[in-house]
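Visitor: The structure is given below, and queries will be raised subsequently.
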Amino acid sequence: MRPEGKPIGLKSVDTFRIAIYNNSVNTDSKVRLLALVAQKPSILFVVESNGDDSYTDNLIKILKQAHVASMVVKQSELTAEVLKSAPVVMVPYQEKLSKESIALLLNYAKNGGFLIAAYTMPGELMEGMGFAKGNYVRAKKVGEDFVKMVFDPKLVEYFDGLLPEALPQQSHNIISANPLEANQITDSFLAQEANRPRVAAWWYDANGNKTEHAAILQSGYGLFLSHVLYASPTKEKADFLRSFCLLHDHSLRKELLLDQWRELFTVGMRLEDNPRTKRAEILPDVLARLGQKHWTPQQILPLLQGDIPVSGFHNFSRFLADLSQVKTDMIAKVCRSFGSKKVEGRLWWEHSGTGAYPGDWDRTCKELAEANFNGIVVNMLWGGSAHYKSDFLPPHRKYLEYGDQVAQASAACKKYGLELHIWKVNFNMLSSPKEFVDQMRKEGRTQVSLAGEEKDWLCPSHPENQKLEINVMLEVATKYPVAGIHFDYIRYDGGNYCFCDGCKERFGKFYFEKTGKKIVNLIEEYKKDDTIRELFAQWKADQVTAIVRGVRERVNRECPQVKISAAVFRDYPNCRDVVGQDWVKWVHAGYLDFICPMDYTTDLNVFDNWVRTQLELIGGKIPLYPGIGLYSSSSRQRPDQTAIQIDMTRQLGAQGYTIFSLNKTTLNEVKDLLKQGPNQNQATLPHNKK
């Protein structure tokens, strides 16, 4: 769920309406609603009443991925009652804390709570937690002085693998603080050996040397972080926060164990499998694997039922680590069970434009080739920037930092036998220089919503924008030895776009030619007239199609060896009618050489239905490479789930697949496992031109 508007709280809700989705299956079904349960937060974030909450927002996102519930409370709303319900409380960034808030937080910690404070904190709070107030220290060389927080090995060992060994983070500055000396401690609780203030992690520099500055301090009352906690890298930060939540939240331990246990029985689950039968088949193997790690059913059952005493943290953490290893072994076994193909497109979408290892395209391409992939689609162009020296667009910051990315990538791809397809985010001017965006807006070339809101997207109907999109895609296709060019965002921003002055004028002429009628006020008439709405949708689709057609015609004349492809919405014809993306028309008109619908889902029934429908719509005209969402905004997949969807594309008759998205983490997560199974052999691409 996410908040919309300004919610006034669940306590004010009188009624819930539960809507059951049919999923196009005409079968009578019964639904039994067992309960509605509000998840208790494991960690409570205290934020300024009128401050920047971006750090908190980032931490909430990474904790959500780690299945840790959180809640936010403003300092002005802080009470003892609110704090009492939270196992862990974190103050991620506070310029000021009132005396009342300091007293509440210390009282919370001294009554069994666990407090995490970060960066600039009042001396009273620091001393109350057992730490001396620190000094501000600025990095002499950003990216070199403070690059990694390395935990005390004894602390890592205590968490039995739940806590990462280090937190990579390039901090510009820190608050350098130390634990109070033994003779400075007056609190009898902190004076006890187990609760005594100490350094939990040290800062290390870029050369791997330990600095003199503590990164994280720990006492029986909580932690102090010497800098704000950035969200990236996500996994390490999530594991760090989750570890301490698990240490202090008994209910989270139970929930996490049950989640991990249940997940074991989904490993290798295919579309045709009956979940209940599959569980019964897997259970003996799971118990046997856990037995090898010295766990008996008599030990496992109490843990799964939540019988985890506070003193039993090590039993819990050891069992969780063993469950994780069993899952890893099962996933590898599933991946190895798949065969390979000799003719197949095996592509990745790479969104950053710098490869899995920024500045090292050779390594990226080498690892892809070793895993028997045969192509990569790289985001080198936006609506208002380029990763090379363009005659039409200003340089992207990645070009300024790493140099000509198209030249580097094309050389590495040639070396390792990979096809390079240059991906352009059409119209969208995200990451574009402000001067360029301002100029486009000044010239009336940006999209405007039905409500009059301006968007940093180029308007597809503007003649100069159409020329720009075509010229840029042909520029990269003719300047560099690339295999192809790839459309993305080749559409309007949404159904409520575009109502700029140019669209009003251009559509007005189109409408008059079609009907002989004049439009006086497009926005008001659009809201009331079905005919206008239908013709406006058709006209929008025609504007986008004109660009795709224009690229095709120029490619045929100037570089006929270059292939044209597109990433498209899966929900045709809705995407045609709402955002003007008529990709079925492009296929049948011969404008594309292959197509990659973005079929991101973990639901195999849904994936099966989407791919079947897309194959029918294409009718064998060109190869279909369904997009698989290994790590996308709408799906997160295990390697076995990715392997299963690859196999489904084969069984359904698609000619390949495209994985979203490539980075160091995703590549290393699946490359070896896919090579052991679905990618055992090298494969020839089916979309080669005659």
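The values are calculated or read from the model by the stated rules, or taken from the named source; none is laboratory data. Remember, predicted model here, so these are calculated numbers, not experimental data. Ideal geometry is used to build each Cβ from the backbone, glycine not excepted, and the neighbour counts take in all protein chains shown. SASA here: full protein model, heavy atoms, side chains in, ligands and nucleic acids out. Shrake-Rupley method; radii C 1.70, N 1.55, O 1.52, S 1.80 Å.
Visitor: Look at Thr266 and say whether it is of a type in the set (Ser, Thr, Tyr), closer than 21 Å to Leu604 by Cβ and either in a helix (DSSP H, G or I) or in contact (Cβ under 8 Å) with a residue 24 or more places away in the chain (or both).
Guide: Values: of a type in the set (Ser, Thr, Tyr): yes; closer than 21 Å to Leu604 by Cβ: yes; either in a helix (DSSP H, G or I) or in contact (Cβ under 8 Å) with a residue 24 or more places away in the chain (or both): no.
Considered against the rule, which asks whether it is of a type in the set (Ser, Thr, Tyr), closer than 21 Å to Leu604 by Cβ and either in a helix (DSSP H, G or I) or in contact (Cβ under 8 Å) with a residue 24 or more places away in the chain (or both), Thr266 comes out as no.
Visitor: So, one more: Within the range 155-175, count every residue that is in a strand (DSSP E or B) and of a type in the set (A, V, I, L, M, F, W, C). Write out each step before concluding.
Guide: If we filter the range 155-175 for residues that are in a strand (DSSP E or B), which is where we start, we get 166-168, 173-175.
Now restrict to residues that are of a type in the set (A, V, I, L, M, F, W, C): 166-167, 174-175.
Of the residues in the range 155-175, 4 are in a strand (DSSP E or B) and of a type in the set (A, V, I, L, M, F, W, C).
Visitor: A follow-up question, please. Can you give me the number of residues within the range 507-538 that are without any contact (Cβ under 8 Å) to a residue 40 or more places away in the chain, among the aromatic types (Phe, Trp, Tyr) and buried (at least 16 other Cβ atoms within 10 Å of the Cβ)?
Guide: Total meeting the criteria: 3.
Visitor: Report, ordered by the first and then the second residue, all pairs with beta carbons closer than 7 Å, sequence separation of six or more or different chains, a first member in the range 144-170 that is touching a residue at least 12 places away in the same chain (Cβ under 8 Å), and a second member that is among the hydroxyl-bearing types (Ser, Thr, Tyr) and open to solvent by 20 Å² or more (accessible area, probe 1.4 Å).
Guide: Within 7 Å, the pairs are Val147/Tyr204; Lys148/Tyr204; Val150/Tyr204; Gln169/Tyr230.
Visitor: All but one of (1) under 30 Å from Asp273 (Cβ atoms); (2) open to solvent by less than 30 Å² (accessible area, probe 1.4 Å) hold for Ala567; which doesn't?
Guide: For Ala567, the exception is condition (1).
Visitor: Condition first: in a loop (DSSP other than H, G, I, E, B), small (Gly, Ala, Ser) and surrounded by 14 or more Cβ atoms within 10 Å (Cβ to Cβ). Now tell me which residues in the range 445-486 satisfy that.
Guide: If we filter the range 445-486 for residues that are in a loop (DSSP other than H, G, I, E, B), which is where we start, we get 445, 450-453, 459-462, 480-483.
Within this subset, residues satisfying the condition of being small (Gly, Ala, Ser) are 451-452, 461, 483.
Across the range 445-486, the qualifying residues are Ser461, Ala483.
Visitor: Being open to solvent by 30 Å² or more (accessible area, probe 1.4 Å) and of a type outside the set (Phe, Trp, Tyr) is the filter here; which residues of the range 639-670 pass it? Break it down into steps so the answer makes sense when it comes.
Guide: Of the residues in the range 639-670, the ones open to solvent by 30 Å² or more (accessible area, probe 1.4 Å) are 641, 647, 650-653, 655, 660, 663-665, 668-669.
Correct list: Gln641, Asp647, Arg650, Gln651, Leu652, Gly653, Gln655, Asn663, Lys664, Thr665, Asn668, Glu669.
Visitor: Let me ask another. Would a scan of the range 135-158 turn up a residue that is in contact with a strand residue (DSSP E or B) (Cβ under 9 Å, 6 or more places away or on another chain), open to solvent by less than 20 Å² (accessible area, probe 1.4 Å) and within 24 Å of Ala66 (Cβ to Cβ)?
Guide: yes
Visitor: Which residue is nearest to Arg262 (Cα to Cα), if the candidates are limited to the range 305-325 and must be under 26 Å from the mean Cα position of the chain (by Cα) and crowded, with 18+ Cβ neighbours inside 10 Å?
Guide: At the first step, the residues of the range 305-325 found to be under 26 Å from the mean Cα position of the chain (by Cα) are 320-321, 323-325.
Now restrict to residues that are crowded, with 18+ Cβ neighbours inside 10 Å: 320, 323.
Details: Leu320: 12, Leu323: 11 Å.
Filtering the range 305-325 for residues that are under 26 Å from the mean Cα position of the chain (by Cα) and crowded, with 18+ Cβ neighbours inside 10 Å, the one nearest to Arg262 (Cα to Cα) comes out as Leu323.
Visitor: Say whether the condition of being open to solvent by 30 Å² or more (accessible area, probe 1.4 Å), charged (D, E, K, R) and in a loop (DSSP other than H, G, I, E, B) is met by at least one residue in the range 217-235. If you could, list the steps in order and put the result at the bottom.
Guide: Keep residues of the range 217-235 that are open to solvent by 30 Å² or more (accessible area, probe 1.4 Å), which gives 230, 232-235.
Then drop every residue that is not charged (D, E, K, R), which leaves 235.
Restricting the remaining residues to those that are in a loop (DSSP other than H, G, I, E, B) gives none.
Among the residues of the range 217-235, not one is open to solvent by 30 Å² or more (accessible area, probe 1.4 Å), charged (D, E, K, R) and in a loop (DSSP other than H, G, I, E, B), which makes the answer no.
Visitor: I would also like to ask the following. Among the residues of the range 247-299 satisfying the criterion of being among the polar types (S, T, N, Q) and buried (at least 16 other Cβ atoms within 10 Å of the Cβ), which is nearest to Arg638 (Cα to Cα)?
Guide: So the first thing to find is which residues in the range 247-299 are among the polar types (S, T, N, Q), and the list is 251, 260, 266, 274, 277, 292, 296, 298-299.
From the residues that got through so far, the ones that are buried (at least 16 other Cβ atoms within 10 Å of the Cβ) too are 260, 266.
Values: Gln260: 13, Thr266: 10 Å.
It comes out as Thr266.
Visitor: How about the range 222-261: which of its residues are within 30 Å of Ala643 (Cα to Cα) and out of contact with any helix residue (DSSP H, G or I) (no Cβ under 9 Å at 6 or more places or on another chain)?
Guide: Across the range 222-261, the qualifying residues are Glu236, Asp239, Phe240, Glu255, Asp259.
Visitor: Which numbered condition in (1) over 27 Å from Met598 (Cα atoms); (2) surrounded by 21 or more Cβ atoms within 10 Å (Cβ to Cβ) is the only one that Ser390 fails?
Guide: For Ser390, the exception is condition (2).
Visitor: Inside the range 344-361, can you point out the residues that are modelled with pLDDT of 95 or more and touching a Gly at 6+ places or on another chain (Cβ under 9 Å)?
Guide: Glu344, Gly345, Arg346, Leu347, Trp348, Trp349, Trp361
Visitor: Restricting attention to the range 414-450, which residues are within 29 Å of Ala537 (Cα to Cα), touching a Phe, Trp or Tyr at 6+ places or on another chain (Cβ under 9 Å) and without any contact (Cβ under 8 Å) to a residue 60 or more places away in the chain?
Guide: Result: Met429, Leu430, Ser431, Ser432, Thr446, Gln447, Val448, Ser449.
Visitor: Tell me which of these Phe114 doesn't satisfy, since it passes every other one: (1) open to solvent by 20 Å² or more (accessible area, probe 1.4 Å); (2) within 19 Å of His248 (Cβ to Cβ); (3) touching a strand residue (DSSP E or B) at 6+ places or on another chain (Cβ under 6 Å).
Guide: Every listed condition holds for Phe114 apart from (1).
Visitor: Count, please, the residues in the range 403-427 that happen to be crowded, with 20+ Cβ neighbours inside 10 Å and not in a helix (DSSP H, G or I).
Guide: Initially, the range 403-427 is screened for residues crowded, with 20+ Cβ neighbours inside 10 Å, giving 405-406, 408-410, 412-413, 418-427.
Of the ones still in play, those that are also not in a helix (DSSP H, G or I) are 418-427.
Result for the range 403-427: 10.
Visitor: Name the residue that is most open to solvent (accessible area, probe 1.4 Å), counting only residues in the range 176-211 that are of a type in the set (Asp, Glu) and assigned to a loop (DSSP other than H, G, I, E, B).
Guide: First pass over the range 176-211, keeping only residues of a type in the set (Asp, Glu): 181, 187, 193, 205.
In the following step, the residues that additionally are assigned to a loop (DSSP other than H, G, I, E, B) were identified as 181, 187, 205.
Details: Glu181: 115, Asp187: 36, Asp205: 34 Å².
Restricting to residues being of a type in the set (Asp, Glu) and assigned to a loop (DSSP other than H, G, I, E, B), the top hit is Glu181.
Visitor: If we keep just the residues of the range 57-84 that are within 16 Å of Gly9 (Cβ to Cβ) and among the acidic types (Asp, Glu), which is modelled with the highest pLDDT?
Guide: Going through the qualifying residues, I end up with Glu81.
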